Every structure is written in C-alpha cells, then in structure tokens.
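In what follows, a single structure is set out as structure tokens and then discussed.
The values are calculated or read from the model by the stated rules, or taken from the named source; none is laboratory data. Keep in mind it's a predicted model, so treat the numbers as computed, not measured. Virtual Cβ from ideal backbone geometry, glycine too; neighbours counted across all protein chains shown. Only protein heavy atoms, including side chains, enter the accessible area calculation; ligands, DNA and RNA are left aside. Shrake-Rupley method; radii C 1.70, N 1.55, O 1.52, S 1.80 Å.
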Amino acid sequence: VPVDGSHWLSMKEALGSLRDRGHEVVVVAPEVSLHIKPSKDFVMKMYPVPYTYEEMEKEFKAFFHVAFEEGSFLTRFFKVFEGMKRISAFGISSCESLLKNQELIKYLEDSKF
C-alpha cells in the first residue's frame, strides 16, 4: 500500500524488480492520487476517497508555495505546520476509506495480501 509522492516514485522501481523476478505485484491505492497510476508492471486495486484530485493538488501546491516563502522563521514554521496538517488529512482520510471498504478488505484477506 504505497504513499503518494517521493515514496511512491522510489517504490515503483522496486516493484519492477520484483515483477522481473516472477512475483505478482498488487498495488492498493486510492482512486485520487498525484503519482500512483496503473501500469503493466502490477495489478492495481483502487478504492474511492472523499476528496478530488483538484482539492489534493491545490493543497500540495499551496504547501510548496508556503514552504519557500520569505519571512521570519516562526511565521514560516507555523504556516508549514498548518500545511502539513491539511496534507496529512488526505492520508488519514485515505486510510479510513481503505479500512471501511469491505469489498476490498475481503479481497485482500482472501488473497492473503
């Protein structure tokens, strides 16, 4: 179950190596993602989440903008902290959506994921 962003970009390389060694690779990911996309290298199992791509992209862009703003350390610290809380809310919401998706959880259990 990957995390979007740089974690996914690193993991994607490892998944290719596993597939090349004969492993079946299954990726479980939210339907809304910045970088996690279907590929011929793995089976993709997606689940719905209560936010849109546009909402997520807007928060990430705002976070990166704030992270490089000028200003006092304390002001920037609190702005970055608030941005991280908003971005973390997407991850929490995604995890909640996965755990509440009984159909997908049953598939994972049945396949001994």
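Go through Val43, Val26 and list them by solvent-accessible area, largest first, probe radius 1.4 Å. Mind showing how you got there, number by number?
Details: Val43 60, Val26 35 Å².
Most to least solvent-accessible, the answer reads Val43, Val26.
Per atom type, the chain shows carbon and sulfur on 60% of its accessible surface, probed at 1.4 Å.
Loop-located GluC sites (Glu not before Pro) across segment 48-113 with a Cβ neighbour count of 14 or fewer within 10 Å are Glu69, Glu70, with loop assigned by DSSP.
For segment 19-64, a Kirkwood hydrodynamic radius built from all Cα pairs, placed in the Stokes-Einstein relation at 4 °C and 1.567 mPa s, yields a translational diffusion coefficient of 106 µm²/s. Applying 1/(1 + (r/R0)^6) with r as the Cβ-Cβ distance of Phe77 and Tyr51 and R0 = 25 angstrom yields a FRET efficiency of 0.45.
Which residue fluctuates most in the GNM of the chain (Cα springs below 10 Å): Ser33, Ser94, Ser72? Looking only at Ser33, Ser94, Ser72, the largest GNM fluctuation is found for Ser72. The stretch between Ser6 and Lys58 holds 16.9 nm of extra length on full extension. This uses 0.36 nm per residue minus the Cα-Cα distance. Along its principal axes, segment 6-111 has C-alpha extents of 53, 31, 20 angstrom, given from the largest down.
For the chain, the solvent-accessible area with a 1.4 angstrom probe is 71 square angstrom per residue. Rounded to the nearest 20 debye, the dipole magnitude of the chain is 140 debye, with +1 charges on Lys and Arg beta carbons, -1 on Asp and Glu beta carbons, and the Cα centre as origin. Put a dot 7 Å past each Cα toward the Cβ at Ala89 and Val25; how far apart are the dots in nm? Result for the modelled spin labels: 3.3 nm. In a DSSP loop and with at most 10 other Cβ atoms within 10 Å, the trypsin sites (Lys or Arg not before Pro) in segment 43-113 are Lys112.
Restricting attention to the chain, the count of lysine pairs at 8 or more positions apart or across chains with alpha carbons under 20 Å apart stands at 14.
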